[in-house]
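Student: Dropping the structure in here first, questions after.
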Amino acid sequence: MSPVLDRLRPAPVLAIARRDWALQLGRGRRAWALPVIAAVLLVPLAAIPWEAPSDPTVRRLVVTGDVPEAVLASPHVVRARGPRADLVFETDPDGQPVVVARWLSDAVRATLDEATPGTHPDVVDVRVERKVPSRSLLVALITGSILTGAVAEALPGERSRRTLETLLAAAVTRLEIVLGKWLAWGGFGVVACFAATAISVAFGRQELGPWALAAPLVPLGTVASGLYLVRRSTDVVGGATIAIRVLPAALAGLGILSWALGELVSPWAGAAIPIGGALIASGDIWPVAPTLLGAATTAALTAAALVATARDLEVDGATSSSAGRTFIAASAAVGAVAWWVATMTPALWTAAGNPHVGEDMGPERSALAGVFTFGTLALVALGRPDAAPVPWVRSAPRAVLAALGGGALLAVSPSGADVWTSPTLGEIAHRMASATNAAAMSPWQALPLLLVTELWFRGVVRERAGRVLSVAVWVLSTAPLDPLGGLCTGAVLLAAAETGGLTAAIGARLVAAALLTLAA
Amino acid sequence: MTRRALLTFARLWIVHVQRLLREGLVLRSLAFPPLLTSGTLLATLLASTFLGTPRVIAVPRGYDDAWLVAALADQGLTVHAFDDPAGAVRDRYAAAGTDGRVLWQRLPDPYTTATEQAVRDHLGSPWRIRARVDKPPAADARRFGSAVAGLLAGVYALYGVVFGAASVARDREDGTLDAEDMLPVPRWIHGATRLLSGATVLTLASLGGIAFVDATIGLDDPMPVARNTVAAMIATLSIGLGSAGRAGLKSGFAVRLSIGLLLAFASFLVGVARPAWGLLLPVASLRGDGDGWVPLALSAVYAVGALLLFARSTRT
């Protein structure tokens, strides 16, 4: 048997659970704080009647033009007051009514068919009716979400109070500790979920069904996953930050994935997603068997998370690594990805099928995102205790000469952006080139971008990672589709910075922008 | 405030900002939301660009009406034959289907409308339809962008509660608060520097996130979004600072934190349930399209309340 599962006794598990409740909920008025907050959220959700959701195909239609009276009398149809309209009614040269629209409602179509006898197509709706999730889905979601604070405290709190060591010395096994924590807060979530369910059923808002088996597994699975995520955090703040950052996104993401698979493939596929399957199943939209599968996969994940947490539980938690190279490598990667996102996305809108979105997104928008990205990275790097000073000016005369010479070289440096045969990749390459070109934007947009990019690439990265890596990071970040052009500009700017300091490199880019503007 | 108090305020503010920016956990947390949002959008666009399915219209096998097929092709639609065209539409293999007389649709959309246009023209229907298959204008995308920016700011607002509460609890635990209390400045300054340092870091991160949304989707006007965001940061930091009370990291912090988070979340839900109130209240205004000036002013009231609670809870 695995060492983790060697020994499991109910008494220590229950004792740890009781201890957690006493520690966090306390006594007197403080003991009621979390239960009262949970009640304030869950009781109205469970008891108050909801309006039935409307048919998604029935929505308000705004019409304009030669609108027949019969159409205006249709439900949900209103005449436009401004230029925007869903339906535009015209008359063609042959005197026939024409409707210009992206889509037409069944009611308007039926009205027009009735008003103009003749041959009309039969429009058949083959849509599969989808069940709308019940309020129990929200109950399950909330009971999982309110436990973020408790999960953040559970293991990191023991570590920071130095009581984890004491517990282990008292021959309480790791698994018993983890199960006790899970029982405390998962149990709280289950009780809250059952209470809300009972209220909902008692008020007649929902009928009891197999969903009631899946719903409590959401808080149980969420707490188990949360304990796994914070297993190495050294204090409550670290635990809280991890829990807040990851748990909501994971819960929502798994729920959406499960729902999408359930819609596009089959409920079985959706139910196979742990936690997400139980969450969607708790909304009472699937038959019995997939609901039970959702509960089972979540239970399996819960068990695996608890065993993994117990296996990884150590007294000291993670030791933080603040090695300079790790920091600069991670920062460079984040900066590169962020810059790609900011510069590539406008070009991809066209390729994805909607050119309208990206056509008015010039390099100035990427510039602002770049200022924040590289500016923040530089600020963080320069604020570290091991930060080296950045050379702004090495020598004033050399700075001027380097700026002029570098600017001239930049203006004539080759570009490989035109080699791509794919229009999409070619446009991306050109956008990335203009995103760092001061000539392509106004001076007040260009100057902050030049400042922060030189500070980051030729200042921080150069000082921490060396010359070669600083050019490599520049090419990778700003010109991955034009490595030749990136290499030339990176080398020229590095030379300018080495000769005259960062001001020389900034000056070189300004001189190049001026020369290119004059030549254009 | 005396000159000494001002200098102390400025120094403490810088020190607290440095403390935050030197923690890897804080940096990773701040970078995660915009990278996740923008990265997901980028991945979606890449998938649509390189893996998108063609626009298909289902017809029965053996269907050979060349006129209708050509008319559909003019609309940019591809005709495929299926044994069961209705089933193909229902199972999402085709956007719509027709046999020249019957039109099968799943949901009304531009491709169904384009098909109906071709069929009505073919049948000589007494009224015609002209499909607008043009893509939604940039204005629609910018409205969506504003909603995304509001949600992103909401995530950072939750961080504000953690930063506000944790900065007090952690410093109480390790004696930093006691050490600061020995400085000859009013007690509220220690709360104010924590609030301001958290606001500085969170505002920098959230405005960067908004800049990313503007660069990838577009925003009508970033300034109201920025004002509402700053108001939300100050408000939630105040909620965290005020709800920390006398808790330390080792005693009662989790409950205080949970209460603060629930208050922040409830503030956000007010904007969902009552949009009119959402134009005025911080955090709630993230869901609306107000100009942000009133929430910004009200966030100062939140801050004052939090500083009073802080001064009271740190009184020895």
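Just so it is clear, none of the values below were taken in a lab; they were calculated from the coordinates. Worth saying up front: this structure is predicted, and the values here are computed from it rather than measured. With ideal geometry, Cβ positions are generated from the backbone for all residues, glycine too; neighbour counts draw on all protein chains shown.
Student: Which one, A:44, A:423, B:124, projects farthest toward the positive side of the charge dipole computed for the protein assembly as shown from Cβ point charges (K/R +1, D/E -1)?
Tutor: A:44
Student: Among B:158, A:229, which comes first, then next, by fewest other beta-carbon atoms within 10 Å? Write down the numbers at each step before the final one.
Tutor: Values: B:158 24, A:229 21.
Least to most surrounded, the residues fall as A:229, B:158.
Student: Here's another thing I want to ask about it. Starting at the first residue of the stretch B:205-222, write each ³J(HN,Hα) from the Karplus equation 6.51 cos²θ - 1.76 cosθ + 1.60 with θ = phi - 60°, in whole Hz, x for Gly and Pro.
Tutor: Calculated HN-Hα couplings, in order: 5, 6, 5, x, x, 5, 4, 5, 4, 5, 6, 9, 10, x, 10, 4, 8, x Hz.
Student: How large is the direction-averaged shadow of the alpha-carbon convex hull of the stretch B:154-200, in nm²? Display every interim value, and only then the final one.
Tutor: Values: hull surface 13.1 nm².
About 3.3 nm², averaged over all directions.
Student: Filter the trypsin sites (Lys or Arg not before Pro) in the stretch B:278-316 to those in DSSP coil with at most 11 other Cβ atoms within 10 Å of their Cβ, and list the result.
Tutor: For trypsin sites (Lys or Arg not before Pro) across the stretch B:278-316 that sit outside H, G, I, E and B with at most 11 neighbouring Cβ atoms in 10 Å, the list reads B:315.
Student: Counting only Cα atoms, I'd like the Rg/Rh figure for the stretch A:436-520, Kirkwood definition for Rh.
Tutor: 0.95
Student: In whole Å, how far is the Cα centre of the stretch A:476-520 from that of the stretch A:343-403?
Tutor: 13 Å
Student: Using Cα-Cα distances under 8 Å and only pairs 6 or more residues apart, what relative contact order does chain B have, in percent?
Tutor: Worked out over chain B, it gives 18 percent.
Student: Here's a follow-up. Ignore the peptide's own chain and count Cβ atoms of other chains within 10 Å of each Cβ in B:96-103; give me the average, rounded.
Tutor: 3
Student: Among B:48, B:59, B:78, pick out the residue whose Cα is farthest towards the positive end of the charge dipole of the stretch B:44-122, where Lys and Arg carry +1 and Asp and Glu carry -1 on C-beta, about the Cα centre.
Tutor: B:48
Student: Order of A:364, A:153 from fewest to most other C-beta atoms within 10 Å?
Tutor: Values: A:364 17, A:153 30.
Listing A:364, A:153 from fewest to most nearby Cβ atoms yields A:364, A:153.
Student: For Cα pairs less than 8 Å apart in space and 6+ apart in sequence, what is the mean separation divided by the residue count of chain A, i.e. the relative contact order in percent? Don't skip to the end; give the middle numbers.
Tutor: Numbers: 762 pairs, mean separation 67.1, N = 520.
Relative contact order, chain A: 13 percent.
Student: Here's a follow-up. Take the alpha carbon atoms of the stretch B:285-316, find their center, do the same for the stretch A:137-158, and report the distance between the two centers in whole angstrom.
Tutor: Centre-to-centre (Cα) distance: 26 Å.
Student: Follow-up question, since we're still on this one. Considering the dipole of the protein assembly as shown built from charges on the beta carbon (Lys and Arg +1, Asp and Glu -1) around the Cα centre, which of A:239, A:210, A:280 is farthest to its positive end?
Tutor: A:239
Student: Taking every pair of distinct Cα atoms and averaging 1/r, then inverting, what Kirkwood hydrodynamic radius in Å comes out for the protein assembly as shown? Could you put the intermediate results ahead of the total?
Tutor: Working: mean 1/r = 0.0330 Å⁻¹.
Hydrodynamic radius (Kirkwood, Cα only) of the protein assembly as shown equals 30.3 Å.
Student: What are the GluC sites (Glu not before Pro) within the stretch A:63-133 that DSSP puts in a loop, where the Cβ has at most 11 other Cβ atoms within 10 Å?
Tutor: Here the sparse-neighbourhood loop sites are A:129.
Student: Still on this model: Sort A:329-339, A:218-228 for me by packing, meaning the mean count of neighbouring Cβ atoms within 10 Å per residue, highest on top.
Tutor: Most protected by this proxy first, the peptides run A:218-228, A:329-339.
Student: Once phi is turned into ³J(HN,Hα) by the Karplus curve 6.51 cos²θ - 1.76 cosθ + 1.60 with θ = phi - 60°, what whole-Hz value does each residue of the stretch A:135-151 show in order, with x for glycine and proline?
Tutor: Values, residue by residue: 4, 4, 5, 5, 4, 4, 5, 5, 5, x, 7, 6, 9, 4, x, 5, 5 Hz.
Student: Count, for each residue of A:149-162, the Cβ atoms from other chains sitting within 10 Å of its Cβ, then give me the mean as a whole number. If you can, show how the numbers build up before the last one.
Tutor: On the way: counts 13, 4, 1, 7, 8, 1, 0, 2, 5, 1, 0, 6, 5, 1.
Counting other chains' Cβ atoms within 10 Å and averaging over A:149-162 gives 4.
Student: Which residues' amide hydrogens lie under 5 Å from the amide hydrogen of residue B:78, considering only partners 5 or more residues apart or on another chain, with H built in the peptide plane?
Tutor: Here B:55, B:56, B:57 satisfy the definition.
Student: By count of other Cβ within 10 Å, fewest leading, how are A:432, B:223 ordered?
Tutor: With the sparsest Cβ surroundings first, the list reads B:223, A:432.
Student: How high is the relative contact order of the stretch A:195-284, given as a whole-number percent (alpha carbon pairs under 8 Å, six or more residues apart)?
Tutor: Contact order relative to length: 32 percent.
Student: Could you sort A:407-414, B:215-222, A:243-250, A:291-298 so that the peptide with the highest average Cβ count within 10 Å comes first and the rest follow in order? Spell out each step's value before the answer.
Tutor: Values: A:407-414: 16.9, B:215-222: 22.2, A:243-250: 19.8, A:291-298: 23.9.
Highest mean packing first, the order is A:291-298, B:215-222, A:243-250, A:407-414.
Student: Can I ask one more? Return the Rg/Rh ratio of the stretch B:122-237 with Cα-based radii and a Kirkwood Rh. Don't skip to the end; give the middle numbers.
Tutor: Working: Rg = 23.4 Å, Rh = 17.2 Å.
With Rh from the inverse mean 1/r over Cα pairs, Rg/Rh is 1.36.
Student: Based on Cβ point charges of +1 for Lys and Arg and -1 for Asp and Glu, what charge dipole magnitude is obtained for the stretch A:365-453 about its Cα centre, in debye rounded to the nearest 20?
Tutor: 220 debye
Student: Here is a further query. Nearest 20 debye, what's the magnitude of the dipole of the stretch A:367-520 about its Cα centre given +1 on Lys and Arg Cβ and -1 on Asp and Glu Cβ?
Tutor: So the magnitude is around 340 debye.
Student: Another question, then. Let's see if you can work this out: charge +1 on each Lys and Arg Cβ, -1 on each Asp and Glu Cβ, no other charges. What is the dipole magnitude of chain A about its Cα centre, in debye to the nearest 20? Provide the component values of the computation, followed by the final result.
Tutor: Numbers: 39 positive and 37 negative charges, 530 e Å.
Approximately 2540 debye in magnitude.
Student: A further question on this structure: Roughly what % of DSSP beta bridges within the protein assembly as shown run antiparallel, to the nearest 5?
Tutor: Roughly 30 percent of the beta bridges in the protein assembly as shown run antiparallel, per DSSP.
Student: Something else now. What is the diffusion coefficient of the stretch B:1-109 in µm²/s, taking the Kirkwood radius over Cα pairs and the Stokes-Einstein relation at 20 °C with a viscosity of 1.002 mPa s?
Tutor: The calculation lands on 112 µm²/s.
Student: Mind checking A:231-243 for the average number of partner chain beta-carbons within 10 Å of each residue's beta-carbon? Please report the intermediate quantities before stating the final value.
Tutor: On the way: counts 0, 0, 1, 1, 9, 13, 13, 6, 2, 14, 11, 3, 2.
Mean number of neighbouring Cβ atoms from other chains: 6.
Student: Whole-Hz ³J(HN,Hα) for each residue in the stretch A:111-124, computed from phi via Karplus 6.51 cos²θ - 1.76 cosθ + 1.60 with θ = phi - 60°, x for glycine and proline: what do you get?
Tutor: 5, 5, 4, 5, 6, 10, x, x, 8, 10, x, 8, 9, 10
Student: Related question: Sort out for me the Cα centre separation of the stretch B:128-175 from the stretch A:222-248, rounded to whole Å.
Tutor: 22 Å
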